[in-house]
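These notes concern the structure reproduced below.
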Amino acid sequence: MKPSLKVLPYRHHPKYKFVLDLRAFGKGRKFFKTRTEADAERLRQITLLERHSRQAIGLSQREMSDFITARENLAEYGETISDAVQFRVDHLARVRRHGITVVQLADEVVEAKRRDGRSEVYLRDLRYRLNKFVQDFGHQPIAGITVDELDDWLRGLPYLPQSRTNYRTIVGLLFSYAESRGIIERNPILRTAKPKLVDRPPQIFAIDELSALLEAGNRVAPDVVPMLAIGAFAGLREAEIQRLDWSEVDLARGHIEVKAAKAKSARRRIVPIQANLAAWLRPYIGMTGHVVPAAARGKLDRVRKASGLARWPKNGLRHSFASYRLAAIHDAPRVAAELGHTTPQLLYSTYRELVLPEEAERYWKIVPEVKAENVVSFNAQSLA
């Protein structure tokens, strides 16, 4: 039996006294103040349905087949053709309304982070990772990129899981910014698969390895010893050491100043100079200019060869500092602050019980065997 269109009285609202029930036609209910308005809409809907019926007669077999197939597929999920069309139309309207492209939004995000005071190191990394995404999606509207496209892109990156995780985080930041501006309704990166990370402890230098490295530095290229010692016994990041100036190494007061402009987190911090680090730095009192000498890479290669080291752990000096320092003082918040971390959670979960207390005691007693006789007056020009 065909559904009929009837205007019915409605007693549940003080103003709207009549209702036209269109639910059988996928259009819900419409309410009216007067019967005249309701009758007029009823006639309009009848005319519309008759026109649709005439148009349906003119559909090709393929169009009818597509319609029936779509209806059956949607029925499995409790959805109708109207539901699917409305969803798609909303999506296209959003893309049209917010046609900002990936490359445009990437520039906005970098500029926003710059205004937020983020460090140049952070901004460079942000640009680098976003540029990789821009290369593949740059001129597409950000609102039109799907979860499947993001999943395929992330899985196709020729990197290890940790690097792909880093890209996922940075691209997620881009979509989070779009969400905050109302360009998209929700961040699609949250529905992508996370690369599986293997939980491995950070690699660190054994005490004998670090001793051999520093002593080889004294013999072969003494001007690289400060950068090695500062990494091992103060825990500065490699990039922070590269930007460090001798004016920021205060042996008299016993601290190293990492200025906000040179820190990854864009926050100034003061790192204490431990007694053994002071012993390694004392021959260099009066130095000016950059702590890292000219041609440092080649000199480090010669020092490593002279030390007989078979391996060089990635970020090994900083990881060694964190591990041995935490084992020595058992104060995660303090060590986290020295490292420039905002919270101690990552530090504590990563480095706890990585080394034994007796090993930590030996580590902080690593001092020069003899004073480096060939440390003479390096001037700032030679270190630039």
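Just so it is clear, none of the values below were taken in a lab; they were calculated from the coordinates. What you see is a predicted model, and the numbers here were worked out from it, not measured in a lab. Ideal geometry is used to build each Cβ from the backbone, glycine not excepted, and the neighbour counts take in all protein chains shown.
To the nearest 0.05, how large is the calculated FRET efficiency for Leu48 and Thr169 if R₀ is 51 Å and r is the Cβ-Cβ distance?
0.50
Provide the gained length on full extension for the span Leu356 to Gln61, in nm with one decimal, where the gain is 0.36 nm per separating residue minus the Cα-Cα distance.
Using 0.36 nm per residue and subtracting the Cα-Cα distance, I get 98.4 nm.
Running a GNM on the chain with Cα contacts under 10 Å, which residue among Arg181, Arg88, Arg23 ends up with the highest mean-square fluctuation?
So, out of Arg181, Arg88, Arg23, the one fluctuating most is Arg23.
³J(HN,Hα) across segment 164-181 via Karplus (A = 6.51, B = -1.76, C = 1.60, θ = phi - 60°), whole Hz, x for Gly/Pro?
Couplings: 5, 5, 5, 5, 4, 5, 5, 5, x, 4, 4, 6, 5, 5, 4, 5, 5, 8 Hz.
Dividing the alpha-carbon radius of gyration of segment 207-383 by 2.2 N^0.38 Å (N being the number of residues), what value is obtained?
Its radius of gyration relative to the 2.2 N^0.38 Å reference: 0.98.
Identify which of Gly156, Gly316, Gly117 has the largest mean-square fluctuation in a Gaussian network model of the chain, with springs joining Cα atoms closer than 10 Å.
Looking only at Gly156, Gly316, Gly117, the largest GNM fluctuation is found for Gly156.
Neighbouring Cβ atoms within 10 Å as the yardstick, rank Lys259, Lys33, Lys314 fewest first. Intermediate values should be presented prior to the final figure.
Values: Lys259 15, Lys33 12, Lys314 9.
Lowest to highest Cβ neighbour count: Lys314, Lys33, Lys259.
Residues with beta-carbon under 15 Å from that of Ala193, excluding Ala193: net charge, scoring Lys, Arg +1 and Asp, Glu -1? Before the final figure, lay out each step's value.
Working: positive: Arg155, Arg164, Arg168, Arg191, Lys194, Lys196; negative: Asp148, Glu149, Asp151, Asp152.
Here the count lands on +2.
Run the simple label-point estimate for Thr34 and Asp21 please: 7 Å along Cα→C-beta, distance reported in nm.
2.6
Between Arg200 and Lys305, what is 0.36 nm times their sequence separation minus the Cα-Cα distance? Round to one decimal in nm.
Length difference between fully extended and current span is 35.1 nm.
Considering the chain, what Rg and Dmax in Å follow from its alpha-carbon atoms?
Gyration radius and largest Cα-Cα distance of the chain: 33.5, 106 Å.
Among Ser163, Ser211, Ser60, which one shows the highest mean-square fluctuation when the chain is modelled as a Gaussian network with alpha-carbon springs under 10 Å?
Maximum among the listed residues: Ser60.
At a threshold of 8 angstrom on Cα-Cα distance, excluding pairs fewer than six apart, so keeping six or more, what relative contact order does segment 204-257 reach in percent?
It comes to 16 percent, rounded to a whole number.
Report, in deg cm²/dmol and to the nearest 500, the calculated mean residue ellipticity at 222 nm for the chain, where each DSSP H run with n ≥ 4 adds -39500 (n - 2.57) and the sum is divided by the residue count. Show your work: numbers first, answer last.
Numbers: 17 runs with 205 residues, N = 384.
When only DSSP H runs of four or more count, the value is -16500 deg cm²/dmol.
Give me a comma-separated list of calculated 3J(HN,Hα) values for segment 61-75, in order, Karplus coefficients 6.51, -1.76, 1.60 applied at θ = phi - 60°, integers in Hz, x for any Gly or Pro.
Values, residue by residue: 4, 5, 4, 5, 5, 4, 4, 5, 4, 4, 4, 5, 5, 5, 4 Hz.
Using only alpha carbon pairs under 8 Å that are at least six residues apart, calculate the relative contact order of segment 102-191 and give it in whole percent. Display every interim value, and only then the final one.
Values: 63 pairs, mean separation 29.7, N = 90.
Worked out over segment 102-191, it gives 33 percent.
Under 8 Å for C-alpha pairs, at least 6 residues apart: give me the relative contact order for segment 230-340, rounded to a whole percent. Intermediate results must be reported in sequence, preceding the final value.
Working: 121 pairs, mean separation 39.3, N = 111.
RCO, segment 230-340: 35 percent.
Calculate the FRET efficiency for Asp116 and Ile329 from the Cβ-Cβ distance with a Förster distance of 30 Å, rounded to the nearest 0.05.
0.35
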